[in-house]
Amino acid sequence: QTLRVAIAANLEPVMKVMKADIKKQTGADIEVISGSSGNLATQIRNGAPFDIFLSADTGFPQLLQQDGFGIQPAEIYAQGVLIICSKQSLNFSNWPALLQQNNIEKIAIGNPKIAPYGRAAMEALTKTGIYNKLSSKFVTGESISQVNTYILQGAVPVGFTTLSLVKDPANKTKLYYKEIDPKLYAPIEQSMLLLKNARGNAAAAKVYAWFKSEQAKRILKQFGYHVN
Amino acid sequence: MDLSPLILSLKLGAVTTLILLVIGLPLAWGLSGRRSLFKLIIEAIVTMPLVLPPSVLGFYLLVAFSPEQGFGKWLHKVFDLQLVFSFKGLVLASAIYSLPFMVSPVKSAFQQLPVSLAQASYTLGKTRWQTFWHVLLPNIKPTLITAAVLTFAHTLGEFGVVLMIGGNIPGVTRVASIAVYNSVEQMEYATANVYSFCLLAITFIMVLGVFIYNKYQVKGPLD
Amino acid sequence: MDLSPLILSLKLGAVTTLILLVIGLPLAWGLSGRRSLFKLIIEAIVTMPLVLPPSVLGFYLLVAFSPEQGFGKWLHKVFDLQLVFSFKGLVLASAIYSLPFMVSPVKSAFQQLPVSLAQASYTLGKTRWQTFWHVLLPNIKPTLITAAVLTFAHTLGEFGVVLMIGGNIPGVTRVASIAVYNSVEQMEYATANVYSFCLLAITFIMVLGVFIYNKYQVKGPLD
Amino acid sequence: MIRVDIKKQIGRLEFSLNKTFGDGITLISGPSGAGKTTLLKMIAGLIKPDEGIIAFNNLPWFDSRVRINVQPQYRKIGFVFQDYALFPNMSVRQHLEYATTDIAWIERLLKLGRLENFATQRPHQLSGGQQQRLAILRALAIKPQLILMDEPFSALDQKTKTTLIAELQIIFKELKVPILIVSHNPQDIAGIYDDEMAIE
Amino acid sequence: MIRVDIKKQIGRLEFSLNKTFGDGITLISGPSGAGKTTLLKMIAGLIKPDEGIIAFNNLPWFDSRVRINVQPQYRKIGFVFQDYALFPNMSVRQHLEYATTDIAWIERLLKLGRLENFATQRPHQLSGGQQQRLAILRALAIKPQLILMDEPFSALDQKTKTTLIAELQIIFKELKVPILIVSHNPQDIAGIYDDEMAIE
Ligand SMILES: Nc1ncnc2c1ncn2[C@@H]1O[C@H](COP(=O)(O)OP(=O)(O)OP(=O)(O)O)[C@@H](O)[C@H]1O
Ligand SMILES: Nc1ncnc2c1ncn2[C@@H]1O[C@H](COP(=O)(O)OP(=O)(O)OP(=O)(O)O)[C@@H](O)[C@H]1O
Ligand code: MOO
Ligand SMILES: [Mg+2]
Ligand SMILES: [Mg+2]
C-alpha cells in the first residue's frame, strides 16, 4: 500500500531527491501530491485521503490539528528562504528600486492567502513600502511552482520564489537571484502533520519520522533550507 | 513514463460518454417535444451545468459530498461511498458537467426533424420507443456522433472540477489534464509534452475516424 | 463584495461568442459541404481544441506568447501586444478553446438540411452568401442558438487556461470561475457561494429566456 | 365501417363532418385547402378533433365527451401521406421490413410497386413517382384494417397509374376494409369506387 | 430557345437527349423514373451532365469540351421543384419578397395563386395544394427567361387547376420564354402546349 504525501509546492524539487531515499530507508512507496499549502489544507478538510502533510508554514497544519485532522501536534521540519529571481541578468542589489522601473512590467508572487511564500513576499514588499505602488504589476500564481513556471518561461521578468528553485540541480535554466533580507518577512517555518488517515499505519509513522532524520535534513540543506 | 493518467482520462471519457448516451438521448428526445412549463424547467436544469464554471460545480460537489459533513458523511457511513477524491466522484461530476453537451445538440436535431416522420411510424403501429430507435435516432446520426465526440472531449478536457474534488491522486484521480498541469509546475516540460502529444494523437485519430465515417455515409451518384 | 470577476466573466463570454459567431458560422457552413481531403483536415484542426485539455492549451499558449522569447517577444516589440496576463490573451484562448462548440453543432445542422433548399435559392439568382443568410441560417436557428449558448457557457466555465495564462489579476484576468476557486481554497465559502449564486442566477435567466424564445416561435394550430 | 362525426377549427376554417364510410373505396374530393388532409389525419389519430366521435366497427377511437382518444398505433391504419413522409435513413426494402416481417408479402408489394430494382435505394435516390409508390407500399405492408390515401397517385404517369390501380384493386378485395382515397382526379379510380364524398 | 444535347449516367440508367426547345410550352412526359426531373435539374445547372452541351439563345450554359458550366444563379430560371423545396422559415409573402422586389408583381402572383389570405402562413401551415401553388408563384416571381416546371399541378383539384392554368397562360404570353412542363396528365394543359416530347 502506498502512502500519500501532500507537499507544499516549494518542496517539489527536493521531493524528487527525497523519494528515492525514503524508499531505501523505510521501504515505503510514496505518492506525492503537490499544491499550495492552503489548497492542500482545504482538500484535507474535505476528506482528501492523504497520510502526511508537509506545509510551507505552521498555521495551516496547526489549524488542521486543532480541528482534529492530525494525529499528533505539527512539527517544524525546515525554514524556507525567499528570493527574488529572474531569467534576465538584472541587478538585484537595490531590488525595491528595480521593481519600480517601467521596464519591469510584471512581477510574479504566490497567492498570499494560500501560498506562504507569497505571503512572505507580500510582507517584504509592504515593509519596503512599495507594495501599493506596484499593485498593478502583480501576477499571482496558485502556488509557488506556478510562479516558478512564469519565471522560467519568461512570462514575467521577475518573481518572488523559493531558494530551492535555484538550488535544484535538475533545473538547467540560468537564473539570477538574490535572497531577500530575512528581517523583511516573518520566518517561513515549514511544519508537517501526520494526518488521521494514517492512524495505525506503521509505514506512515516511519516515513513521518524519516522527515526528521539527519538524512532528510542533509537533503533540505542542499536545497537551501535552514534546519536546526 | 507513467501512462496511468492517460488511461484514466480515456476511461473517464468513455464511461461518462456511455452514461450520457443512455441518459441523455431519451432526455433530449423528451425535451424536443411539445412545450410545457414542466419541460421548460427540466430543460433549464439540464442546462445548468453548462453555465456553471467547473470550479463552482466542484465547490458544490465538495460541499455536498465531503465525508466530513451532511450528505457526504451519511453516504460514507451507510454505503461506505466516498465521492470526493475518488474515480466514482469524477464520473458523477463529469456526467453532470457534460450532460448539456449531449442533450442540447441532440434535442435541437430532433426538433429539426419533420413531425410527419414520427407520425408515419406511429401509423405503422410502432411504439414511441421503436420510433425513437429506428426512425428518429438514425436520422440525426451526424448530430448524435458530434454530440458524443463533444461529450467525450469535454470530459477529457475536464480540469477545474477534478482539481477541486479529485485531489490529484495518482491512478485514481490524476487524469491527464491534471498530470500535464503538474508536469509543467514541476518543470518537467518533456513529460508535459509527451502527455499532451499522446492525448492529441489518440483523440485526433478517433475524431478523424468519426469524421471519415460520417462523411462516407451512403451517398448516391446525384448527390 | 467585489463584482469585477462576474463582470469580467460575462464580458469574456460575450466577446468570445461574438467573435466565434463571425468566424464559426461561415466555417461551419464551408465544412458542411461536399467532402474533400482539405476540408477533412481543416475540420480536424478545428476540432483540436476540443481534445486539448485546458491545461495543455494554457501551457502552450504560455510558451508561445511569453514576451521574453520568440513569437511573444516579436508581438510585444512590434505591436506592443502582450497576450499573457491580459484580457486580450484570455479572449484569444477562449476563442480557440470554444471554437468547436460553435462549429460542430452548426455544421451538423447544415448537413441535415435538404439540398433542395439551397438549390431553390440558387435558381432564384441568389448568391451563396444570400442563400446562407436568408435560407440556410434561419432554418437551423434552434441549433444556432444552442451553439451560441454552449459557446458562451463554455467560455464562462473556462478555468484551466485562465489559471495558466491569466495570472489572477483583479479586474483584468480574475474571472468568476477563478474567483470561486480562490475563495474555496481560502475557505471563504460565503464568498464562493455568492459568486456561484450570481453566476447561476444571471445565466439561468439568460438561458431560460433563450428557451422560451425558442419554444414560442411561430407555430400553427395543427402542430 | 367507420363513423365520423367531428368538428375542428383550422385557422379561419370551420371544419365539420358527419358521415359513415363502409367497406370498399370512398372517393373524397374537394378544393385545395378544404381540409381533406386534416380529415384523414384526424381519423388516423394524428390530429385531435375539437369535438365529436370517431368509431371504427362501433369501437370508439375518439369521443370528446368521454375523453377517449385511441393512440394511432392501435388504430392499425394504412396511411399514405400526401408528402410521403418516407424515412430518409431506410432503403426501400427496409421501409417494408420496418412495417412487417412477412417476407412473401414484402416481395409481392415490391413487385406491385415495380420497385424490385430499387430495393436498396434510399428515398433521396428515388424519383418522385418511385417515392410515391413506396409510400403506398409501406401503408399496405401492415395489412391495415382501414386505408387512408392522400392523393396517392398524383406523381404517377398514366400507364404506371393504371397498372398499379388494377393490381391494388386485387389487394383491396382481399383486405375487405374501408378505403378512403383523397383525389382530385376522380377519373383515376373511375368505375372502381363505391362511394363518393365532396368536402365543402 | 434552348438547345440540349447531353448524356448522363444515373445509376443503371443511361440518359441521353438531343433536342431544341423553342419559346412556348413544351410538354415533357415519360414513365416514372425515366429521368425527367434529372433533365430539368441539369438544364438548371443543379446537376452536372457527364458530357454534352446546353445552350440558351446560343449562349453556352454548359459545354463539357471547354469546361463551361454557368452557375444556376446566372441562368435566371423559374424552377418549380417536384417536391416544392419551399423555405420552412419564410411565410408565403416572404417567399415572393425573397425572389423579387416588385410589389405589384407580388400582389398579382398572390392573387393568381389564390393565396392572398395565406400570405403570412409558413409552408407547414399550408395544405398540399397551397404549397404547390406557392412553388409555382415563387418560380414566376423572378420573371425568368426560362421556366422549368416539374409536375406543377399534381396536387391541385380540377377547378383550381383550370383557373390557375388559364391565368398562367396570360403570364406565359407576356414573358415569351421557353416553358418546359413535366406532366403525366397531358389533358391538364391540353390545347395550350406547342410542342411535346416523350422520354424513353
Ligand atoms: N441520388 C440518386 N441516386 C441514385 N439514383 C437516383 C438518384 N436520384 C434519382 N435516381 C434514379 O434516377 C432515375 C431517374 O430519376 P428522376 O427523378 O429523374 O425520374 P423522373 O423521370 O423525374 O420520375 P418521376 O416521374 O417518378 O418523378 C430513377 O430511376 C431514380 O431512381
Ligand atoms: N399547421 C397549420 N396551421 C394553420 N393552418 C393550417 C395548418 N395546416 C393546415 N392549415 C390550413 O388548413 C386548411 C386545410 O388544410 P388541409 O391540408 O387539410 O387541406 P386539403 O384539403 O388537404 O388541401 P390540398 O388538396 O391542397 O392538400 C388549409 O387552408 C390550410 O392552409
Ligand atoms: O510552497 Mo507554497 O504553499 O505554494 O508557498
Ligand atoms: Mg391535402
Ligand atoms: Mg421526377
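The values are calculated or read from the model by the stated rules, or taken from the named source; none is laboratory data. This structure is a prediction, so every number in the text was calculated from the model and none was measured. Because the Cβ atoms are built from the backbone with ideal geometry, glycine has one as well, and the counts that use them run over all protein chains shown. Ligands, DNA and RNA are stripped out before the accessible areas are found, and what is left, the full protein with its side chains, is counted by its heavy atoms. Shrake-Rupley method; radii C 1.70, N 1.55, O 1.52, S 1.80 Å.
Among DSSP bridges having both ends in segment E:2-198, what percentage is antiparallel? Round to the nearest 5.
55 percent
Quick one: Debye curve from the alpha-carbon atoms of segment C:1-62 only, equal weights, vacuum; give me log10 I(q)/I(0) at q = 0.20, 0.22 Å⁻¹ to two decimals.
These q points yield log10 I(q)/I(0) values of -0.97, -1.04.
Kindly compute the accessible surface that chains B and C hide from a 1.4 Å probe when together, both sides summed, and give it to the nearest 100 Å².
The buried area between B and C, both sides summed, comes to about 5600 Å².
With no solvent and one equal point scatterer placed on each C-alpha of chain E, evaluate the Debye formula and give log10 I(q)/I(0) for q = 0.10, 0.14, 0.16 Å⁻¹, two decimals.
-0.41, -0.81, -1.05
When all alpha-carbon pairs of segment E:83-129 are counted, what percent fall beyond 12 Å?
Everything past 12 Å amounts to 61 percent.
Compute the semi-axes of the equivalent ellipsoid of the protein assembly as shown, taking the square root of 5 times each eigenvalue of the Cα gyration tensor, and list them largest first in whole Å.
Each semi-axis is √(5λ); the values are 71, 32, 24 Å.
Just to confirm my numbers, what's the Cα centroid distance between segment D:1-19 and segment A:121-147 in Å?
So the two Cα centres are separated by 80 Å.
Thinking of segment C:137-213 as a set of Cα atoms, what percent of all their pairs are more than 13 Å apart?
When every Cα pair of segment C:137-213 is considered, 72 percent fall beyond 13 Å.
Taking chain E as the reference, fit the longest principal axis to its C-alpha atoms, fit the long axis of helix E:128-141 to the helix C-alpha atoms, and give the angle between the two in degrees, 0 to 90, nearest 10.
70 degrees
Starting from the Cα of B:Gln130, move 7 Å in the Cα-to-Cβ direction to define the label point; list residues of segment D:27-65 whose amide nitrogen is under 20 Å from there.
D:44-47
Determine by what factor the alpha-carbon radius of gyration of segment B:37-152 differs from 2.2 N^0.38 Å, reporting the quotient.
1.40
Starting from one equal scatterer on each C-alpha and no solvent at all, send me the Debye-based log10 I(q)/I(0) for chain A at q = 0.08, 0.14 Å⁻¹, two decimals.
-0.28, -0.83
Taking the Cα centre of the protein assembly as shown as the origin and placing charges on Cβ (Lys, Arg +1; Asp, Glu -1), which of D:Ala55, E:Pro186, A:Thr42 is farthest toward the positive end of the dipole?
A:Thr42
Report the accessible surface area buried between chains B and E, summing both sides, using a 1.4 Å probe on protein heavy atoms only, in Å² rounded to the nearest 100.
Counting protein atoms only, the buried area is about 300 Å².
What are the extents of the Cα atoms of segment E:1-71 along their three principal axes, listed from largest to smallest and rounded to whole Å?
31, 29, 19
Kyte-Doolittle cut-off 1.0, length cut-off 27 Å along the helix's own axis using Cα: show which whole DSSP H helices in chain B pass.
Length and hydropathy pass: B:4-32, B:189-215.
When the accessible area of segment C:4-219 is split by element with a 1.4 Å probe, what percent falls to carbon and sulfur?
72 percent
Just to verify a number: FRET efficiency for B:Met206 and C:Ala64, C-beta to C-beta distance, R0 = 25 Å, to 0.05?
0.45
Rounded to the nearest Å, what's the spacing between the alpha carbon centres of segment E:156-188 and segment A:24-91? Just the number, please.
88 Å
So which trypsin sites (Lys or Arg not before Pro) in segment D:66-110 are both in a DSSP loop and have at most 14 other Cβ atoms within 10 Å of their Cβ?
Those satisfying the criteria are D:Arg67.
Tally the DSSP beta bridges in the protein assembly as shown and give the antiparallel ones as a percent, rounded to 5.
55 percent
Over every pair of different alpha-carbon atoms in chain C, take the mean of 1/r and invert it; report that Kirkwood radius in Å.
It is 19.4 Å.
I want the local charge near C:Val84. Using Cβ-Cβ distances under 13 Å, sum +1 for each Lys or Arg and -1 for each Asp or Glu among the other residues.
Net of charged neighbours comes to +1.
How large is the accessible surface per residue of the protein assembly as shown, computed with a 1.4 Å probe and reported in Å² as a whole number?
Heavy-atom SASA per residue in the protein assembly as shown reads 39 Å².
Carbon-plus-sulfur fraction of the accessible area of chain D, 1.4 Å probe, in percent?
50 percent
What does segment A:1-95 give for Rg and for Dmax, in Å, if only its C-alpha atoms count?
Just the Cα atoms of segment A:1-95 yield Rg and Dmax of 15.9, 51 Å.
With N residues in segment E:135-200, what two-decimal value do you get for its Cα radius of gyration over 2.2 N^0.38 Å?
Against the empirical 2.2 N^0.38 Å value, I get 1.07 for segment E:135-200.
What nm distances, shortest first, do you get from the label point of D:Asp102 to those in the other copies when the point sits 7 angstrom along Cα to Cβ?
5.7
Could you tell me what percent of the accessible area of chain A is made up of carbon and sulfur, with a 1.4 Å probe and every protein chain present?
49 percent
Can you give the translational diffusion coefficient of segment E:19-59 in µm²/s, computed by Stokes-Einstein from the Kirkwood radius over Cα pairs at 4 °C and 1.567 mPa s?
Calculated translational D: 110 µm²/s.
Segment C:41-101: D in µm²/s via Stokes-Einstein (Kirkwood Rh, Cα pairs, 20 °C, 1.002 mPa s)?
Reported coefficient: 176 µm²/s.
Along segment A:218-224, what does the Karplus equation 6.51 cos²θ - 1.76 cosθ + 1.60 (θ = phi - 60°) give for ³J(HN,Hα), rounded to whole Hz, x for Gly and Pro?
Values per residue, Gly and Pro as x: 4, 5, 4, 4, 3, 8, x Hz.
Quick one: grab the alpha carbon gyration tensor of segment D:84-173, order the square roots of its eigenvalues as a ≥ b ≥ c, and give me rounded if a/c is under 1.5, else prolate or oblate depending on whether a/b is larger than b/c.
The shape class here is rounded.
Assuming R0 = 56 Å, what is the FRET efficiency of A:Glu179 and B:Ile145, from their Cβ-Cβ distance, to the nearest 0.05?
0.45
I want the local charge near A:Ile219. Using Cβ-Cβ distances under 11 Å, sum +1 for each Lys or Arg and -1 for each Asp or Glu among the other residues.
+4
Find the centroid of the Cα atoms in segment A:198-212 and in segment B:116-155, then give the distance between the two in whole Å.
Taking the Cα centre of each part, segment A:198-212 and segment B:116-155 sit 57 Å apart.
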